[in-house]
1. When the chain is fully extended, how far beyond the present Cα-Cα distance does A:Arg50 get from A:Glu21, taking 0.36 nm per residue of separation?
2. For Cα pairs less than 8 Å apart in space and 6+ apart in sequence, what is the mean separation divided by the residue count of region B:51-155, i.e. the relative contact order in percent?
3. Please give, to one decimal in nm, the separation of the simple spin-label points placed at A:Thr35 and B:Met148, each 7 Å out from Cα toward the Cβ.
4. At 1.4 Å probe size, put B:Thr195, A:Thr29, B:Thr146 in order of accessible surface, largest to smallest.
5. Which value in nm describes the separation of the simple spin-label points at B:Met135 and B:Arg155, placed 7 Å from the Cα toward the beta carbon?
6. If I stretch the segment between A:Ala10 and A:Thr58 completely, what's the gain in nm (0.36 nm per residue apart, minus their alpha carbon distance), one decimal?
7. Probe 1.4 Å, all protein chains in place: accessible area of B:Glu158 in Å², nearest 10?
8. Could you pull the accessible area for B:Val193 with a 1.4 Å probe, rounded to 10 Å²?
Amino acid sequence: MKNRLKVLRAERDWSQADLAEALQVSRQTINALETGKYDPSLPLAFKIARLFGQPIETIFQDEA
Amino acid sequence: MTLVSQFSKAYQSNRLVRGLVYGIAGAPFGYLFGRWLGSFKDFGEWNPTWPDMMAALLGVFMFGLGLGVLAVCASRKALGRQLDPEGRRPATKAQVFFYAQNGVVLLLAGVMMVAPVAISTAFDPVPTLVGSAAMIGLIALFLLQTAMNISVWMRSDELLRQAMIEVGALCFVILQGAMFLWAAGGKLGLLPVMTLWDAVPVMMGMYLLIAFAVTWRRGLAA
């Protein structure tokens, strides 16, 4: 699954640690999400969508 | 190429260099420890079997790793740098406690791995009283470590939990398959029969290998 997390984070000038703190996860989790090594759970995806004020499908795109 | 990707590449190459430096620095210690283990054989004090040797090596490795983690946790700045090389903020108290707990879990695993080998080497045969006392100590350490592991699980985020689940599942599938095949080979007289103690360091070694692989694959080492 592709995502625009890195772009959205860069637009706000947030570091991975800033985003991790806002989402209450580790910085490694943010790094894993951005590099496509991990797909978030549904609750975390909703949390990310709420934080950026965008629908989930504009942040995460299914590659299939 | 963006600034982020440039940083990421530089950071990754830094990690490789650091890994190489640690490897080179650690090699003499490994060599000396190996020689020390080998010296027992020369002097006839200890004639270790391969499971004892492997358990001792793994135990010392985990103990050293645990000490290393605790040493980093002693400084909030040092832990902060490990957790977020990009930033300059020190680790929070909760992060220090979490990673220190991981360090203690590793340390206890090391002690539990080495203790049976050390005690059976020091006392040959092991007196029942000493064996019982050691067993009670091991059970206490095992319960303490289990409680700490559960606590680590409860306070982990979803990526770490996912990694733990994957490690557990892979260990179960690979080890139960390998053990069945070995046991079948032993029953058929084709392979030497293993004791439970023989299997323990193999399981721990495989667990560590799988844990490192999953950690790497999931980007937890980044």
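1. Separation in residues times 0.36 nm, less the Cα-Cα distance, equals 9.0 nm.
2. Values: 96 pairs, mean separation 34.1, N = 105.
Relative contact order here is 33 percent.
3. Between A:Thr35 and B:Met148, the simple spin-label model gives 2.8 nm.
4. Values: B:Thr195 75, A:Thr29 0, B:Thr146 50 Å².
I get B:Thr195, B:Thr146, A:Thr29, largest accessible area first.
5. With each label point 7 Å from Cα toward Cβ, the separation is 3.4 nm.
6. Working: separation 48, 0.36 × 48 = 17.28 nm, distance 1.61 nm.
Full extension of this stretch gives 15.7 nm more.
7. Probe radius 1.4 Å; accessible area of B:Glu158 about 50 Å².
8. Accessible surface of B:Val193 is approximately 120 Å².
The values are calculated or read from the model by the stated rules, or taken from the named source; none is laboratory data. Keep in mind that this is a model prediction, so the values were computed, not measured. Every residue, glycine as well, gets a Cβ built from its backbone with ideal geometry; the counts of neighbours run over all protein chains shown. SASA here: full protein model, heavy atoms, side chains in, ligands and nucleic acids out. Shrake-Rupley method; radii C 1.70, N 1.55, O 1.52, S 1.80 Å.
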